[in-house]
Amino acid sequence: MRHIARFLALGCLLAVSMTPIRAQANPTLWAAAASTDTLVLASGQLTLAPNAAQAAAVYGSYARFGMFDSAPQSIAPANQVTVTWGATVPAAASVRVDVRGFNGQRWSDWTLDVQSGQTVAFTTIARQIQYRLVLLANEAAPVVDFVQLAPNTLAESAAIRIMEDEPIAPTYHIRATRMGLVGDRTANGHIIQPNDWFVSLPSFRSLSSRGGGEYMARLSYRGKSIVVPVWEVGPWNIHDDYWNVEREKFGDLPVGWPQDHAAYFDGYNGGWAEKGRVRFPTAADVGDGAWVALGIPFNDEQEELDITFLWLGRDPGDNPDPMPVGSVTPEPAPIEELPAGTIQVDNQGEQFSRSDVVWYEFSCGKNRHSFWTFSTNKPEEAVNNARWTTPLEAGEYSVTVFVPYCPNGKSDTTSARYVVQHADGETQVVVNQAEHAGNWVELGRYRFDGTGSVSLSDLADDRMKAIWFDSVRWTK
């Protein structure tokens, strides 16, 4: 069934129009997708009901709250979307626009607090896109006029290749607590019930809709394993998606190590989290019903669990082995067979060298690892450079470089300047990495007399774009 679902997801959306998707000042469009009863239509616009409920504490002190999930919109495969929106926001009120993509199997994390005109890069290939509005007010309510989504599409072949390389969802071992708080309102508007089944994680990026299951987590404890939705944000932090390599905050901590754990055990940030001094470490709150279903006594309010973040990949099944802190590869990368007569140098090999300055790493590309840095168009600011070198038999070779597809939330450079050193001198080839993400790109055919070398620096024609360093091949 999983293969059938993938086939349908990959094939059914090829004829979709790529005109921007706009929710205008039109009561029909708003009403068609309204997700809660806390929102009303006023003059064709979207606003809060006069009797809207008080916001959950995680949003701050607001007397009225409403959350609106748009209907998912089908699109041709895309890896980015440009968002524009308009609203009137009075004093002591707030509007937040969040965006995500669906690849046919699971949703990406929400990109939070999207500004009008911002381009969002997805962590998955999007075949559907959706926005979420959070409206908050104390007195006068905000009024939303429109939201417009304009996707930037990919070739279908590139989308299929990226989806086929889907990893297994990661599992980490953390300390958790029983939720309690029956009668309180969660961040997605749910009223906590006795014996509830859900989990609270410390980031809005993976918050399901009220009653929804877009973001599910597997909880495992001493041989028992259950799957529950993420319905709340907390307990100690609200910007700590510790399961992601590129974290919203606390990027100096390794993946899988929650900030509150670092504060408690390592003295990180002086022992403080976003909500105060950490008195006991807990990176998840578990609903009472789920807590008991795991076999934990109701009165034991703290315990150690394994959590699998199922929206990040394939479900590993019951009671998976947790990964070491800092690890992002729950399974070994498959061994790739090289074409005949080919020599490949990877960015983690001894034949790759780089300058000793600031670099960033990402678990993507060949051998599930790439380096990247920010581009600059000013020669005096160019400090990052790297070189791939290999001994070669004398002869003519085709030189190709791999541009990884790495959704790190940054736009890729359109002008990476690769320099090939060969027997007849050197040749510079400019590669649009944004256009060729996920592909091998040929730099040309050259004569070599014993050594092959390709170099790349952060000097480009653009500025503050991601420039990627992965693998180089010479094929005779």
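Please tell me the relative contact order of region 219-362 in percent, rounded to the nearest whole number, where contacts are Cα pairs under 8 Å and at least six residues apart. Display every interim value, and only then the final one.
On the way: 140 pairs, mean separation 38.4, N = 144.
The normalised contact order for region 219-362 reaches 27 percent.
Taking all protein chains in place and a 1.4 Å probe, what share, in percent, of the accessible surface of the chain do carbon and sulfur account for? Please report the intermediate quantities before stating the final value.
Values: 10210 of 20420 Å².
With neighbouring chains kept in place, the figure for the chain is 50 percent.
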Solvent-accessible surface (1.4 angstrom probe) belonging to Glu303, in square angstrom, nearest 10: 40
Proportion of all alpha-carbon pairs of region 242-281 beyond 11 Å (%): 56
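Sequence gap at least 6, Cα distance under 8 Å: using those rules, report the relative contact order of region 257-296 to the nearest whole percent. If you can, show how the numbers build up before the last one.
Details: 30 pairs, mean separation 13.2, N = 40.
Dividing the mean separation by the residue count of region 257-296 yields 33 percent.
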Gyration tensor over alpha-carbon atoms, region 372-417, equivalent ellipsoid semi-axes in Å: 27, 16, 10
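Hey, what number do you get for the chain at 222 nm if only DSSP H runs of n ≥ 4 count, each worth -39500 (n - 2.57), divided across all residues, to the nearest 500? Could the numbers behind the result be given before it?
Numbers: 5 runs with 40 residues, N = 476.
So the helix-based figure for the chain works out to -2500 deg cm²/dmol.
Counting Lys +1, Arg +1, Asp -1, Glu -1, what net charge surrounds Ala93 among other residues with beta carbon under 12 Å of its beta carbon? Intermediate values should be presented prior to the final figure.
Values: positive: Arg64, Arg96; negative: Glu139.
Result for the local shell: +1.
Could you please report the charge total around Met67, scoring K, R as +1 and D, E as -1 over all other residues with beta-carbon less than 9 angstrom from its beta-carbon? Mind dumping the intermediate values first?
Values: positive: Arg132, Arg210; negative: Asp69.
Charge balance near Met67 sits at +1.
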Around Asp424: net Lys/Arg minus Asp/Glu count, Cβ-Cβ under 10 Å: -1
Protein-only accessible surface order, largest first, of Tyr131, Tyr405 at 1.4 Å: Tyr405, Tyr131
Range of Cα positions in region 102-229 per principal axis (Å), largest first: 49, 46, 21
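When N counts the residues of region 331-476, how does its alpha-carbon radius of gyration compare numerically with 2.2 N^0.38 Å, as a ratio?
On the way: Rg = 14.6 Å, N = 146, 2.2 N^0.38 = 14.6 Å.
The value comes to 1.00.
If you rank Val233, Val89 by how much accessible surface each has, with a 1.4 Å probe, what is the order from largest down? Mind dumping the intermediate values first?
On the way: Val233 5, Val89 70 Å².
Largest to smallest exposure gives the sequence Val89, Val233.
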Descending principal axes extents, region 241-386, alpha-carbon based, whole Å: 63, 41, 23
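Across every pair of different alpha-carbon atoms, what Kirkwood hydrodynamic radius in Å does region 426-476 reach? Before the final figure, lay out the partial values.
Numbers: mean 1/r = 0.0771 Å⁻¹.
In region 426-476 this quantity evaluates to 13.0 Å.
What does the highest-first list of 372-382, 59-69 look like by mean Cβ count within 10 Å? Walk me through the intermediate numbers first.
On the way: 372-382: 16.3, 59-69: 18.5.
Packing proxy ranking, top to bottom: 59-69, 372-382.
Could you give the Stokes-Einstein D for the chain in µm² per second, using the C-alpha Kirkwood radius, 20 °C, 1.002 mPa s? Let's see the in-between values first.
On the way: Rh = 24.4 Å.
Calculated translational D: 88 µm²/s.
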Rounded to the nearest 10 Å², the accessible area of Tyr268 at probe 1.4 Å: 50
Percentage relative contact order, region 199-272, counting C-alpha pairs under 8 Å, at least six apart: 27
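The values are calculated or read from the model by the stated rules, or taken from the named source; none is laboratory data. Keep in mind it's a predicted model, so treat the numbers as computed, not measured. Here the Cβ is made from the backbone with ideal geometry for all residues, glycine too, and neighbour counts use every protein chain on show. These accessible areas exclude ligands, DNA and RNA; they are computed on the full protein's heavy atoms, side chains included. Shrake-Rupley method; radii C 1.70, N 1.55, O 1.52, S 1.80 Å.
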